[in-house]
Each structure stands twice: as structure tokens, then as C-alpha cells.
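Note sheet for the following structure.
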Amino acid sequence: MAGRLNGKRIAILATDGVEQVELTRPRDAVTREGARTEIVSLSEGEIQAMNNDIEPSDTFTADTTAKQASAADYDALIMPGGTVNADRLRMDPDVVGFVQEIFRAGKPVGVICHGPWTLVEADLVRGRTLTSYPSLRTDIRNAGGTVVDEEVVTDHGLVSSRNPDDLPAFCAKIVEEFAEGAHKVHDEGATVG
């Protein structure tokens, strides 16, 4: 059976503290449509996923590091949340550079919950409309983004959702956006580079 994402390679940006369901449900949604996923992390080896931010869950093996990864190798990016995951990722210059490279190439991105923290750090929310977990909304506004409280928001290939309750809508929308492929590069003020 042909899937809408056959032949697509999708990066999942995650490290210790990632909210497990925000990694596995989007991963499963895109792989059901034929995509191949790879976990891009801070270092090689296992990462510890969490449930509800504080309960250790399963471990996952990173396929590559942000330092080694190139946007040219991927068709899209998934950025799950988890408070600790997002906080660690946004502080890593290789992660910030990788995410900026993905955006410069106009590749679609799905980000949920605390995931937008890395976009704020990378100066990629300026002039965009998105949603997030409530505690990030001031950060997004201060970084020049417009925040709305909706289950899924799409802006020039950037798909965002608030929390795990939004996963059905989020997963459906990322499959749709990832199937469309690269979008026109958003150029309303975001300085990348």
C-alpha cells in the first residue's frame, strides 16, 4: 500500500526528558504513511523518555547527533515537547543551527507543547502564528510571534499544537504538510544564520 510519505526521511529532534507520547504518536503517524524517521539528539546512545514530564518511561536510541545532522538529509522535522527535553535542546548551538538550516530550506516542521522553546532560541517565531504549552506563550510573544490557543495551527509549513490532547489533530496535520513538501521560505523578519 502506497503511503503519502513514501520515500520521505523525517528527523525527530529529542533528548533526555522528551515526552514519550509526543515522540511516538507523531513518529507512528508518519511511518504508517511510508516515511522513515531518525532521532537526532545531543549525543549518541540512549535517551530517556518521560510520561507527564516526571515519570521515566522507555528509552530510545539516537540515530545521529545535531552536530552530524544536515537539513539536506531530511524532508521534514518533528519537535516533541517535554520541559527538560526542550530546555536542553534550546541551549545547544548545534541544535539551534540544525533547526535554522531546516527553516532556511523551507522544510515543514511539526512542533508540540514545549518544543517551540528551541524555535524561540533560534529566532524563528518572529512574524509567525503558532500555539504551544501555555507557559511558553510569553516567550513566543516576546520573540515576535503571535500566539493563539487552538489545537493545531499551521503557518508556512510550521505546524504547532499545545499538548498531548491535541495529538490526533497534530498528527493528521503534519502528515498533510509533510506530504506537501518544502514551502516557500518564510522571510518576515526571522534572522537565521
Return the long-range amide H neighbours of M50 (sequence gap of 5 or more, or a different chain), with a cut-off of under 5 Å between placed amide H atoms.
G17, V18, E19, Q20, S57
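Taking region 56-152, which GluC sites (Glu not before Pro) meet the DSSP loop condition and have no more than 16 other C-beta atoms within 10 Å? Intermediate results must be reported in sequence, preceding the final value.
Working: sites: E101, E121, E150, E151; in loops: E150, E151.
Here the sparse-neighbourhood loop sites are E150, E151.
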Listed residues Q68, Q48, Q20, most fluctuating in the chain (Gaussian network, C-alpha, under 10 Å)
Q68
log10 I(q)/I(0), Debye, Cα-only region 12-119, no solvent, q = 0.14, 0.22, 0.23, 0.24 Å⁻¹?
-0.46, -1.23, -1.35, -1.48
Out of region 144-184, which trypsin sites (Lys or Arg not before Pro) are coil in DSSP terms and have no more than 10 other C-beta atoms within 10 Å?
K184
Given springs between every Cα pair under 10 Å in a Gaussian network model of the chain, which of S135, S161, S43 has the largest fluctuation?
S135
Which lysines, if any, have their Cα less than 22 Å from the Cα of K67, not counting same-chain residues under 8 positions apart?
K8, K107
Pull out the extension gain between I54 and T138, defined as 0.36 nm times the separation in residues minus the alpha carbon to alpha carbon distance; nm, one decimal.
27.9 nm
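Taking 0.36 nm per intervening residue step and subtracting the Cα-Cα distance, what contour gain separates D73 from D28 on full extension? Mind showing how you got there, number by number?
On the way: separation 45, 0.36 × 45 = 16.20 nm, distance 2.00 nm.
Answer, rounded to one decimal: 14.2 nm.
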Listed values [x] 14.7, 46; [y] 17.0, 60; [z] 16.3, 50, entry calculated as Rg and Dmax of the Cα atoms in Å:
[x]
For V159, which sequence-distant residues (separation of 5 or more, or a different chain) have an amide H within less than 5 Å of its own amide H, given hydrogens modelled in the peptide plane?
V109, G110, V111
What list of ³J(HN,Hα) values in whole Hz, one per residue of region 140-157 in order, does the Karplus curve 6.51 cos²θ - 1.76 cosθ + 1.60 (θ = phi - 60°) give from phi, with Gly and Pro shown as x?
5, 4, 5, 8, x, x, 9, 9, 10, 9, 9, 5, 8, 10, 10, 9, 6, x
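Taken together, the values in this text are just the output of simple stated rules run on the coordinates, not laboratory data. Please read these numbers as outputs of a predicted model, since none were measured by experiment. Neighbour counts run over all protein chains shown; Cβ positions are idealised from the backbone, glycine included.
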